[in-house]
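Presented below is the structure to which this report refers.
What follows is calculated from the coordinates using simple rules that are stated; it is not laboratory data. Note that this is a predicted model, so its numbers are computed, not measured. A quick note on method: Cβ atoms are made from the backbone with ideal geometry, for glycine too, and the neighbour counts reach across all protein chains shown.
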Amino acid sequence: MPDRTYDFIQLDVFTQTPLAGNPLAVFTDARGLNDQEMQALAREMNLSETTFIFPRDAATEAREGKKVRIFTVEHELPFAGHPTLGTALHLYASEPNQTKPAEIALDLKAGKIPVRFTPNSENAGRQRVDGQVFGEMRQRDPEFGSPLPRKDVARVIGFATDEIHSEWPIQPVSTGLTFTIVPFRNRQTLSDLQFSYIQAADFLKETGANFFYFLCPERREGRLEARARMFFYGGEDPATGSAAGCAASWMVQHGVAKNDEVVVIRQGVECRRPSEIHVRATREGERVTNVRVGGYAVEILRGTVVL
């Protein structure tokens, strides 16, 4: 049989600086690959996620969106934040300059996720992802789980209970994947945290969450920012867009953030991959909706896989 070739690009997502943010591999035309091959390629890329684009006819894409599948090194995901944003920014950059759309929808396993674009320089028309276009995805409306006892979570983390904020609940939230938001009192305490996903895996499974998302919101000079950390089976994640959407929902739900207030979440500092995630959400009565997560990305390499 003749060799099959598949082009891919690698992006750093939630950053405008190469070699920062969260790396992502994107296979730009995955037609012909089966599930086992995609999983094997994700293992070969050895990043937290790899995406696979399946081009379809224009009418289908206009109606249903661009078909994309997301794989970790272990399994397929219905949704993940930085793969959605990075893939959408690549698709935007690949459009002809004169017809670049204001929005592209991705058809994921979790459903249709729209991403809107705001070019911020004259260079945004280049046929590559260059950190000059801001993309903002709208995630699914959140589902809030039952709050968890501080003492139980503190025990699992291995910290004193008083290090966890008592004013706000520890709560599982999902906008496609479930993360338990754990609010820290002190940014330095969060920065000093030594944590392994393994020590909490059983507890998280019992509570129905995928991971903890450690968050320290701080309002300074009228602006709200937050430091965050997230640990998974592969180590520490530099930027977690799906968790950031959960955090935005949680902050608006509990009055930490105002209605539609833009909050910058800074993640990845401790693992030397600093990232900036821009989040906001809308409060309509008792309901949180219109959860948006945005940021930039830069392309750092291109390659071809031969199978």
Go ahead and estimate [θ] at 222 nm for the chain from helices alone: -39,500 (n - 2.57) per DSSP H run with n ≥ 4, summed, over the residue count, rounded to 500.
-> -6000 deg cm²/dmol
Put one equal scatterer on each alpha carbon of the chain, apply the Debye formula with no solvent term, and list log10 I(q)/I(0) at q = 0.07, 0.09, 0.11, 0.12 1/Å to two decimals.
-> -0.26, -0.43, -0.64, -0.76
Highest first, please rank the peptides 273-279, 201-207 by the mean number of other Cβ atoms sitting within 10 Å of their residues.
-> 273-279, 201-207
Would you list Tyr197, Tyr296, Tyr233 from fewest to most Cβ contacts within 10 Å?
-> Tyr233, Tyr197, Tyr296
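Quick check on region 1-79: take the gyration tensor over C-alpha atoms, sort the square-rooted eigenvalues as a ≥ b ≥ c, and tell me if it's rounded (a/c under 1.5), prolate or oblate.
Oblate is the answer for region 1-79, as a/c is 1.5 or above yet b/c matches or exceeds a/b.
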Under 13 Å from the Cβ of Val305, count the other residues' Cβ atoms, weight Lys and Arg +1, Asp and Glu -1, and hand me the total.
-> -2
Distance between modelled label sites at Ser196 and Ser146, nm, 7 Å Cα→Cβ extension = 3.1 nm
Taking square-rooted eigenvalues a ≥ b ≥ c of the alpha carbon gyration tensor, is region 143-294 rounded, prolate or oblate, where a/c under 1.5 means rounded and, failing that, a/b exceeding b/c means prolate?
-> rounded
Any chance you could run the full-extension gain for Thr60 through Glu270? It's 0.36 nm times the residue separation minus the Cα-Cα distance, nm to one decimal.
-> 71.3 nm
Mind putting a number on the dipole of region 1-115 about its Cα centre? Charges go on the C-beta only, +1 for Lys and Arg and -1 for Asp and Glu, and I need it in Debye to the nearest 20.
-> 240 debye
What order do you get for Arg56, Arg31 when you list them from fewest to most C-beta neighbours inside 10 Å?
-> Arg31, Arg56
Please state the charge dipole magnitude for region 90-160, taken about the Cα centre, from unit charges on C-beta atoms (+1 on K and R, -1 on D and E), reported in debye and rounded to the nearest 20.
-> 300 debye
Simple Cβ-charge dipole of the chain, Lys/Arg +1 and Asp/Glu -1, about Cα centre, in debye nearest 20 | 400 debye
Highest first, please rank the peptides 35-45, 241-251 by the mean number of other Cβ atoms sitting within 10 Å of their residues.
-> 241-251, 35-45
The relative contact order of the chain, taking Cα pairs under 8 Å that sit 6 or more residues apart, comes to a percentage of 22 percent
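Which order do the peptides 150-160, 136-146, 217-227 take when ranked by the mean count of other beta-carbon atoms within 10 Å per residue, highest first?
The densest-packed peptide leads the list: 136-146, 150-160, 217-227.
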Anchor Lys205: lysines whose Cα lies under 29 Å away (excluding residues fewer than 8 positions away in-chain) | Lys109, Lys112, Lys151
